[in-house]
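K.L.:
Dropping a structure here in structure tokens format, bear with me for questions.
Please treat every number below as a calculation from the coordinates, not as lab data. Computed from a predicted structure; not experimentally measured.
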């Protein structure tokens, strides 16, 4: 996996105290027992860390970590392209 996914795992284990053994790319926010407030907090944390905007509609229990990492990666690529 890429650095975005690795950072996402770090945030989940450090800030949300989710055991690393429960985390895999296909795990959803709901499976990790992140309620809606925690999901929004995760999104804000990612937005602040990467300085990107994320679509809040993805802050749902059905969103997988793989999807979330991909979303962040897509936004990072867009920001980089705009800066060139």
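K.L.:
Starting from 0.36 nm per residue, how many nanometres of slack lie between residue 45 and residue 83 once their C-alpha separation is accounted for?
P.N.:
Full extension from residue 45 to residue 83 adds 11.4 nm.
K.L.:
Against the longest principal axis of the chain, how steep is helix 36-50, in degrees 0 to 90 to the nearest 10, with axes from Cα atoms?
P.N.:
Around 40 degrees separate the two axes.
K.L.:
Right, another one. Running a GNM on the chain with Cα contacts under 10 Å, which residue among 20, 39, 59 ends up with the highest mean-square fluctuation?
P.N.:
In the Gaussian network model the winner is 20.
K.L.:
Also, quick follow-up: Fully extended, how many nm does the chain gain between residue 57 and residue 14 (0.36 nm per residue separation, minus their Cα-Cα distance)?
P.N.:
13.1 nm
K.L.:
Subtracting the Cα-Cα distance from 0.36 nm times the residue separation, let me have the gained length for residue 37 to residue 22 in nm, one decimal.
P.N.:
3.4 nm
K.L.:
Further question: Using helices alone, I'd like the mean residue ellipticity at 222 nm for the chain: each DSSP H run of four-plus residues gives -39500 (n - 2.57), total over residue count, nearest 500.
P.N.:
Value at 222 nm, helices only, nearest 500: -18000 deg cm²/dmol.
K.L.:
Taking the inverse of the average 1/r across all pairs of different Cα atoms in the chain, what Kirkwood radius in Å do you get?
P.N.:
Kirkwood hydrodynamic radius for the chain: 12.8 Å.
K.L.:
Next question. Using Cα pairs under 8 angstrom and six or more residues apart, how large is the relative contact order of the chain, in percent?
P.N.:
34 percent
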